[in-house]
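Peer 1: Here's a structure for you.
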Amino acid sequence: MSQGKWNRSGEYGVPDTMRHRFILLAAKIVGLIVLLAADQHAIGQSVSTPDAALALVGGTIYVSPTEDAIRDGVVLIRDGKIAAVGTRSSSAGIIRGVQTLDCSGLTITTGFWNSHVHFMERKWADAANIPAAELGEQIQTMLTRYGYTSVFDTGSMWTNTRRLRDRIDSGEVPGPRIRSTGEILYPKGGSSPDLVLDVIGSMRIALPEVANGAQALDESRKLLDAGVDGIKLYAATFAPPFVALTDDAILAAVSEAHRRGKPVFAHPSNRAGLLAAVRGGVDVLVHTTPESGPWDDTVLQAMKQDHVALIPTLKLWKYELRHDRTSARDRFVKTGVEQLRAWLGAGGTILFGTDVGYMNDYDPSEEYALMAEAGMTFRQILESLTTAPAGRFGESSRLGRIAVGLPADVVVLSKDPSQDARAFASVRYTLRDGRLIYRSDK
């Protein structure tokens, strides 16, 4: 056996052969640590190094909603970005020696957007001080287990949501990219009393109420100065007292947000609220309006002329009427489905969103099924999850597709959604910037 010896500085010297063995052993240990970290059940970000690389191998890849699928494909991720995309047969050389994730029989797409969520449940309160493991579990349960790598919060306490976002962006807690409108602007007398907030499980949030354009402008400026990513307007209330934002209030808020390059969302509630929001120039309607009955040409033409996008939230109507008779609930949901069908037929833009955080049933499977029932194809649903929101929110050059050089926001599905829309919810892995932030045990 080779013996070491003391060197001149009094340190124990190791012969080259033994040193080489030590180096090889250390490299194997480091590699094992990286693999174990990447295999965690998504409460911690995977270990990342400047040269970290990962190859997703063998899956069916939908790089975008419009391009042909790549069968038996490979997505190579390096330094948090997409480094290469192609077939396995054409990628053998570039993935040699790279850590791989076997995706045989699975489906690979870019990361999903949920364009209508809320961080208003009481469990999100004091987000700055929730233990990291607990906070990570909450985020996973509501969002990352369903493939969401980008979300738009359309109503919450902005100071609290900002702290939540900061903890995610710092890498302390795994989670999606968060955009937020902060507090919703309500018509005078229209916000929910504390008792209602308590019953629905919400934090008690001071919601601004505005009676005219001057007040709407002032409140919008406060929110935008505080750093929100958009403005949310409650155009008309859906329950007593029935009040609505004035036209000048809507226009003032929209004008200020657009002056700063920010989108405006509107909760329409009914036909009058919808048309007022559209006339005022809002960008996104966050619900269909089943209580108003079928959408006629007047509604559809106004929406199309203003280039608004629609978030259908069809499952929400089942949730809202869960205590009502089945027949009444089914009629209400069917009206929402038919409104989406009409908007789809008019060639309108559709964004996927579920209103989770207000709704505590987080599973989006039924939303996908109802969208399919309204006539949306697999690729149209995929568009509503990827390229449509990326385009609407100014991120089309960076997000929404699997392409070389873009951030590696990736979802791997256990099933093929081209065969069943519900499969969009069967998520095996979620990656943000190349880091595994959710992994299913199934």
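The values are calculated or read from the model by the stated rules, or taken from the named source; none is laboratory data. Treat the numbers as computed from the prediction; the structure is a model and nothing was measured. Counting neighbours? That spans all protein chains shown, and the Cβs are built from the backbone with ideal geometry, glycine included. Ligands, DNA and RNA are stripped out before the accessible areas are found, and what is left, the full protein with its side chains, is counted by its heavy atoms. Shrake-Rupley method; radii C 1.70, N 1.55, O 1.52, S 1.80 Å.
Peer 1: Going Cα to Cα from K415, which lysines come in below 20 Å? Please leave out same-chain ones fewer than 8 positions away.
Peer 2: Within the straight-line cut-off, K415 pairs with K442.
Peer 1: Based on alpha-carbon centroids, what's the gap between the range 136-195 and the range 356-421 in Å, whole number please?
Peer 2: Value for the Cα centre distance between the two parts: 19 Å.
Peer 1: Find the centroid of the Cα atoms in the range 58-93 and in the range 252-273, then give the distance between the two in whole Å.
Peer 2: First find each Cα centre; the distance between them is then 39 Å.
Peer 1: On to the next question. Working out 0.36 nm times the residue gap between T298 and S170, then minus their Cα-Cα distance, what length gain in nm do you get to one decimal? Let's see the in-between values first.
Peer 2: On the way: separation 128, 0.36 × 128 = 46.08 nm, distance 4.73 nm.
Result: 41.3 nm gained on full extension.
Peer 1: For each pair in K123/K315; K81/K232; K262/K318; K188/K262; K123/K262, compute the distance between the two Cα atoms and list the pairs where it is over 30 Å. Please list the in-between numbers first.
Peer 2: On the way: K123/K315 23 Å; K81/K232 32 Å; K262/K318 32 Å; K188/K262 24 Å; K123/K262 28 Å.
Result: K81/K232; K262/K318 exceed 30 Å.
Peer 1: Then there's this: For R259 and T159, calculate 0.36 nm times their separation in residues minus their Cα-Cα distance, and state this gained length in nm to one decimal. Please report the intermediate quantities before stating the final value.
Peer 2: Numbers: separation 100, 0.36 × 100 = 36.00 nm, distance 2.29 nm.
Length gained, R259 through T159: 33.7 nm.
Peer 1: 222 nm [θ] for the chain, helices only, -39500 (n - 2.57) per DSSP H run of 4+, per residue, to 500? Could the numbers behind the result be given before it?
Peer 2: Details: 14 runs with 155 residues, N = 442.
Only helices count here, giving -10500 deg cm²/dmol.
Peer 1: Percent of accessible area on the chain owned by carbon and sulfur, 1.4 Å probe?
Peer 2: Numbers: 9990 of 19310 Å².
Result for the chain: 52 percent of the exposed heavy-atom area is carbon or sulfur.
Peer 1: Arranged from highest to lowest average of other beta-carbon atoms within 10 Å per residue, in what order do the peptides 312-319, 281-288, 337-344, 220-227 appear?
Peer 2: Values: 312-319: 23.2, 281-288: 24.9, 337-344: 20.8, 220-227: 16.6.
For the peptides 312-319, 281-288, 337-344, 220-227, the packing ranking is 281-288, 312-319, 337-344, 220-227.
Peer 1: Let me ask something else. Would the range 395-438 count as rounded, prolate or oblate if I go by the C-alpha gyration tensor, calling it rounded below 1.5 in a/c and otherwise prolate when a/b exceeds b/c, oblate otherwise?
Peer 2: Because a/c hits 1.5 or more and a/b fails to exceed b/c, the range 395-438 counts as oblate.
Peer 1: Which percent of the Cα-Cα distances in the range 67-155 go past 23 Å? Please report the intermediate quantities before stating the final value.
Peer 2: Numbers: 1759 of 3916 pairs.
Distances greater than 23 Å cover 45 percent of the Cα pairs.
Peer 1: What Kirkwood hydrodynamic radius do you get for the range 132-203 when you take the inverse of the mean 1/r over all pairs of distinct Cα atoms, in Å? Kindly include the intermediate steps, with their values, before the conclusion.
Peer 2: Working: mean 1/r = 0.0736 Å⁻¹.
Evaluated over the range 132-203, this radius sits at 13.6 Å.
Peer 1: Tell me, what is a quarter of the convex hull surface for the C-alpha atoms of the range 185-341, in nm² with one decimal? Don't skip to the end; give the middle numbers.
Peer 2: On the way: hull surface 37.4 nm².
Reported value for the Cα convex hull: 9.3 nm².
Peer 1: Next up: For the pair S104 and Y362, how long in nm is the line joining their label points, each one 7 Å along Cα→Cβ?
Peer 2: 3.2
Peer 1: Kindly report, to the nearest 10 Å², the accessible surface of I95 as traced by a 1.4 Å probe over protein heavy atoms only.
Peer 2: So the heavy atoms of I95 present about 30 Å² to solvent.
Peer 1: For the chain, with every protein chain kept in place, what is the accessible area per residue (1.4 Å probe, Å²)? Don't skip to the end; give the middle numbers.
Peer 2: Details: 19310 Å² over 442 residues.
Per-residue value: 44 Å².
Peer 1: Considering only V151, L344, S104, whose Cα is most displaced toward the positive end of the charge dipole of the chain, charges sitting on Cβ of Lys, Arg (+1) and Asp, Glu (-1)?
Peer 2: Farthest along the dipole direction, towards plus: S104.
Peer 1: If you bin the C-alpha pair distances of the range 227-278 every 5 Å from 0, what whole percents do you get?
Peer 2: 5, 22, 31, 21, 13, 6, 2
Peer 1: Separate question: Only Lys, Arg, Asp and Glu count, each charged at its Cβ (+1, +1, -1, -1), so figure out the dipole size of the range 44-144 about its Cα centre, rounded to 20 debye. Can you show the working numbers first?
Peer 2: Numbers: 7 positive and 10 negative charges, 40 e Å.
Roughly 200 debye, rounded to the nearest 20.
Peer 1: Right, something else. Report the charge-dipole magnitude of the range 106-238 in Debye, nearest 20, computed about the Cα centre from +1 at each Lys and Arg Cβ and -1 at each Asp and Glu Cβ.
Peer 2: Working: 14 positive and 16 negative charges, 42 e Å.
Roughly 200 debye, rounded to the nearest 20.
Peer 1: So which helices of the chain fit the span-like rule, where a helix is a whole DSSP H run, its Cα atoms reach 27 Å or more along the axis, and its mean Kyte-Doolittle is at least -1.0? Working shown, then result.
Peer 2: Working: long enough: 16-38 (33 Å, 1.40); 326-345 (28 Å, -0.47).
For the chain, where a helix must reach 27 Å along its axis and average at least -1.0, the hits are 16-38, 326-345.
Peer 1: Next up: What is the spread of the Cα atoms of the chain along each of their three principal axes, largest first, in whole Å?
Peer 2: Principal axes ranked by extent give 89, 46, 42 Å for the Cα atoms.
Peer 1: Where nothing but the Cβ of Lys and Arg (+1) and of Asp and Glu (-1) is charged, how large is the charge dipole of the range 235-288 around its Cα centre, in debye to the nearest 20?
Peer 2: Values: 5 positive and 4 negative charges, 23 e Å.
So the magnitude is around 120 debye.
Peer 1: Could you work out the Kirkwood radius for the range 290-338, taking every pair of different alpha carbons, averaging 1/r and inverting it, reported in Å?
Peer 2: Numbers: mean 1/r = 0.0841 Å⁻¹.
Here the Kirkwood hydrodynamic radius works out to 11.9 Å.
Peer 1: Once label points are set 7 Å from the Cα along Cα→Cβ at both K442 and T66, what is their separation, rounded to one decimal in nm?
Peer 2: Rounded to a tenth, the inter-label distance reads 3.4 nm.
Peer 1: Once the principal axes of the Cα atoms of the range 331-442 are found, what is the range along each, listed largest first in whole angstroms?
Peer 2: Result for the range 331-442: principal-axis Cα extents of 43, 34, 30 Å.
Peer 1: Using just the Cα positions, wrap the range 78-214 in a convex hull and report its mean projected area in square nanometres, one decimal place. Can you show the working numbers first?
Peer 2: Working: hull surface 48.1 nm².
So the mean shadow area of the Cα hull is 12.0 nm².
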